[in-house]
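Participant: Below you'll find the structure I mean.
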Amino acid sequence: MKLTLLVWRQAGPGAPGKMVPYAVDDVSPDMSFLEVLDVINERLIARGEEPIVFDSDCREGICGMCGLVVNGVAHGPEHATTVCQLHMRHFRDGETITVEPWRARAFPPHKDLMVDRSALDRIIAAGGYVSVNVGGAPEANSLPVAREVAEAAMDSAACIGCGACVAACKNASAVLFVGAKIRHLALLPQGEPERARRAAAMVAQMDAEGFGNCSNEGECEAVCPKEIRMLNIAKLRSEYARALWRGGK
Amino acid sequence: MYERITGEDPYRVPMRIYPAIHYTMGGLWVDYDLMSTIPGLFVLGEANFSDHGANRLGASALMQGLADGYFIAPTTLAGYLAGTPLPKVDVEAGEFNEAEQAVTARIERLLAVNGRRTARSFHRELGRLLWDKVGMARNEAGLREALGRVPALREEFWQNVSVPGRATDINQALEYAGRVADYLEFAELLARDALERRESCGGHFREEYQTPENEARRDDERFAHVAAWEYTGDGREPIRHVEPLTFEYVQPSQRSYK
Ligand code: FES
């Protein structure tokens, strides 16, 4: 396949960026999107130019490191698919494809297609965990979890934290991400003791990071590679209301 | 998942499957508390050598991560922290300076080579060599060949790698080149270890050591042990240490897929 990639290049946080075209005329339809970027980068390095910076790690859709806006859609055109699992057979020969980074106030740019998503980490650090004491592990059978509950919690836990929901949202809101984390732990007995404090702290951190508010656009659910549903947002709201009612304790 | 990657519906087109290596099995040596040879450096899960020996696949690595993290580290780490004086250290410490200088020197060296080949092309060549000669089925001649070719490739890497950009901002090409430099060292150890182990064991099949039915043939007389290699410095032969494996309740047996 012959393709032209129109890629956002930006030397650093303060530098101006621009779209730069890269033509590749030997793309195999079986390549993944990131492999095409690899090929372009190999050629750039061979010419002594700086390669395009982008994040990736597992390249099998499970880690959440990759994230590109492809033709205006976070993670590209395929439903429930991370950009590392997006294959070129879904594009037309001769097509020009635009490639941009996640854009959100809370995700300041690093370089080219790489942005700083540590705001999501700080939200997790504010409460997205279960505190445990060191020492012997508790007896697992003393904490029974009904199957439906475990399944529901797992549906939320499937979030890989890539930030596509933020990138797709016109408000750059992180409620789908935060909702998934809150719901995951709120459903399980292990999360119960810190449930109110967690919801209050995570929402406070989310606001402090500069993410926007939710106006129920649903763009987040549409692009989520893990099909995290908007009911997680509803759960975030009810958990947050419950936390306020209890004074965040 | 298969359909997503291949574009073929496995309900209609037969799946194309071939065996591949997805683990190198070993890991860093640790003691019973999971502490490495560096005091205070604990190594958990699949990064350490323990538990799984010559056959560690995906789920068992996950299990080891959970077991180490849930049952062992909470006890041994706490014990270490409680029983060890930990004076404040800062970046003025001699060891810090030494380490920083070593890292900086290596980075500068990588950037200064200014050669004609990308790190990825070295990575690919090394991968191909390991795949062919230190793969799932290996033999003495192939391992010796690999042991001859890896140092030559490493030599070429340091003469001819091309790493663009600077060290002062995000430079993924530099990061990648640093990793490939590490692989070039580790690959040699991998081949050396495989050569020394004159038996077929777990996921490692030495073609010379097989049963008449082509199953892996172990040699428990001589090889029922863990081999731990001690690094002795750049360009120096590592030392092979042996930790015998003793089985009290379950005896090792021949694995059969029939
Ligand atoms: S690289 Fe891990 S999800 Fe894409």
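Only the coordinates and a few stated rules stand behind these numbers; no lab work does. These numbers come from a predicted model, not from an experiment. Please note: Cβ atoms are built from the backbone with ideal geometry, for glycine as well, and neighbour counts cover all protein chains shown.
Participant: Can you give the FRET efficiency for B:Glu140 and A:Leu231, using 1/(1 + (r/R0)^6), R0 = 60 Å, r = Cβ-Cβ distance, to the nearest 0.05?
Facilitator: On the way: r = 61 Å, r/R0 = 1.01.
Efficiency, rounded to the nearest 0.05: 0.50.
Participant: Please report, in whole Å, how far the alpha carbons of chain B spread along each principal axis, starting with the longest.
Facilitator: Cα spread of chain B along its principal axes, largest to smallest: 61, 52, 42 Å.
Participant: Go ahead and set up a Gaussian network model of chain A, Cα springs under 10 Å, then flag whichever of A:Ala208, A:Ala46, A:Ala80 fluctuates most.
Facilitator: Taking springs between Cα atoms under 10 Å, the residue moving most is A:Ala46.
Participant: Note the angle between two axes, namely the Cα long axis of helix A:33-46 and the longest principal axis of the Cα atoms of chain A, as a number of degrees from 0 to 90, rounded to the nearest 10.
Facilitator: The angle comes out at about 50 degrees.
Participant: Work out the FRET efficiency for B:Met1 and B:Gln254 from their Cβ-Cβ distance, taking R0 = 45 Å, and round it to the nearest 0.05. All intermediate terms of the calculation are to be shown ahead of the outcome.
Facilitator: Working: r = 33 Å, r/R0 = 0.74.
The formula returns an efficiency of 0.85 here.
Participant: Taking amide H atoms as placed 1.01 Å from N in the peptide plane, list the residues 5 or more away in sequence, or in a different chain, whose amide H sits under 5 Å from that of B:Gln210.
Facilitator: Here the answer is B:Arg217, since their amide H atoms fall under 5 Å of that of B:Gln210.
Participant: Provide the per-residue ³J(HN,Hα) series for the stretch A:108-124, in order, calculated from phi with Karplus coefficients 6.51, -1.76, 1.60 and θ = phi - 60°, each as a whole number of Hz, with x at glycine and proline positions.
Facilitator: Computed from phi, the couplings for the stretch A:108-124 are x, x, 9, 6, 6, 9, 9, 10, 8, 9, 5, 4, 5, 5, 5, 5, 4 Hz.
Participant: Using a basic spin-label model with each label point 7 Å from the Cα along Cα→Cβ, how many nm lie between B:Tyr11 and B:Arg124?
Facilitator: Rounded to a tenth, the inter-label distance reads 3.7 nm.
Participant: Right, next: How charged is the neighbourhood of A:Ile40? Take every other residue with its Cβ under 13 Å from the Cβ of A:Ile40, and add Lys/Arg as +1 and Asp/Glu as -1. It would help to have the intermediate numbers written out before the result.
Facilitator: Numbers: positive: A:Arg9, A:Arg43, A:Arg47, B:Arg120; negative: A:Asp25, A:Asp26, A:Glu35, A:Asp38, A:Glu42, A:Glu49, A:Glu50, A:Asp112.
Overall, the nearby charge balance is -4.
Participant: Would you compute, from DSSP H runs of 4+ residues alone, the mean residue ellipticity of chain A at 222 nm, taking -39500 (n - 2.57) per run and dividing by the full residue count, rounded to the nearest 500? Write out the running numbers ahead of the final one.
Facilitator: Values: 8 runs with 86 residues, N = 249.
Helix-only estimate at 222 nm: -10500 deg cm²/dmol.
Participant: Over all distinct alpha-carbon pairs, what is the Kirkwood Rh of the stretch A:156-203 in angstrom?
Facilitator: Numbers: mean 1/r = 0.0883 Å⁻¹.
After inverting the mean inverse Cα-Cα distance, the result is 11.3 Å.
Participant: Averaged over every viewing direction, what's the projected area of the C-alpha convex hull for the protein assembly as shown? Give it in nm², one decimal, please. Show your work: numbers first, answer last.
Facilitator: On the way: hull surface 117.3 nm².
For the protein assembly as shown, averaging the hull's shadow over all directions gives 29.3 nm².
Participant: Once Lys and Arg get +1 and Asp and Glu get -1 on their Cβ, which of A:Leu113, B:Gly203, A:Val39 lies farthest toward the positive end of the dipole of the protein assembly as shown?
Facilitator: Going by the Cα projections, it comes out as A:Leu113.
Participant: Further question: How much length, in nm to one decimal, is gained on full extension between B:Glu98 and B:His225, taken as 0.36 nm per residue of separation minus their Cα-Cα distance? Walk me through the numbers before you get to the answer.
Facilitator: Details: separation 127, 0.36 × 127 = 45.72 nm, distance 3.62 nm.
Additional length available on full extension: 42.1 nm.
Participant: Against the longest principal axis of chain A, how steep is helix A:231-245, in degrees 0 to 90 to the nearest 10, with axes from Cα atoms?
Facilitator: Helix A:231-245 sits roughly 40 degrees off the main axis of chain A.
Participant: In nm, give the distance between the simple-model label positions of B:Val91 and B:Glu156, each being 7 Å from the Cα along the Cα-to-Cβ direction.
Facilitator: Taking the two extended label points, one gets 4.0 nm.
Participant: Name the residue, out of B:Leu190, B:Leu126, B:Leu174, whose mean-square fluctuation peaks in a Gaussian network model built on chain B with Cα pairs under 10 Å.
Facilitator: Comparing B:Leu190, B:Leu126, B:Leu174 in the GNM, the peak value goes to B:Leu174.
Participant: Going through the stretch B:60-168, which GluC sites (Glu not before Pro) have at most 11 other Cβ atoms within 10 Å and a DSSP loop state? Walk me through the numbers on the way to the answer.
Facilitator: Numbers: sites: B:Glu92, B:Glu95, B:Glu98, B:Glu100, B:Glu108, B:Glu125, B:Glu140, B:Glu145, B:Glu155, B:Glu156; in loops: B:Glu92.
In loop regions of the stretch B:60-168 (DSSP not H, G, I, E or B), the sparsely surrounded GluC sites (Glu not before Pro) are B:Glu92.
Participant: Here's another thing I want to ask about it. Quick one: dipole size for the protein assembly as shown, taken about the Cα centre, charges +1 on Lys/Arg Cβ and -1 on Asp/Glu Cβ, in debye to the nearest 20.
Facilitator: Details: 57 positive and 71 negative charges, 268 e Å.
In debye, rounded to 20, the protein assembly as shown gives about 1280.
Participant: Also, I was wondering about something else. Report Rg(Cα)/(2.2 N^0.38 Å) for the stretch A:93-243, keeping two decimals. Intermediate values should be presented prior to the final figure.
Facilitator: Details: Rg = 16.9 Å, N = 151, 2.2 N^0.38 = 14.8 Å.
Rg over 2.2 N^0.38 Å, computed on Cα atoms: 1.14.
Participant: If I take R0 = 45 Å and measure r between the Cβ atoms of A:Val20 and B:Thr246 in this structure, what FRET efficiency does the formula 1/(1 + (r/R0)^6) give, to the nearest 0.05?
Facilitator: Working: r = 63 Å, r/R0 = 1.39.
About 0.10, to the nearest 0.05.
Participant: Here's a follow-up. Among B:Thr168, B:Gln254, B:Ala141, whose Cα projects farthest towards the positive end of the dipole of the stretch B:113-258, with charges put on the beta-carbon of Lys, Arg (+1) and Asp, Glu (-1)?
Facilitator: Value computed over the given set: B:Thr168.
Participant: Another question, then. Which of A:Pro16, A:Ala241, A:Val27 sits closest to the plus end of the dipole of chain A, meaning its Cα is farthest towards the positive end, when Lys and Arg get +1 and Asp and Glu get -1 on the C-beta?
Facilitator: Towards the positive end, the residue furthest out is A:Ala241.
Participant: Hey, another quick one. For labels at B:Asp182 and B:Asp31 in the simple 7 Å Cα→Cβ model, what's the distance in nm?
Facilitator: That separation, rounded to one decimal, is 2.5 nm.
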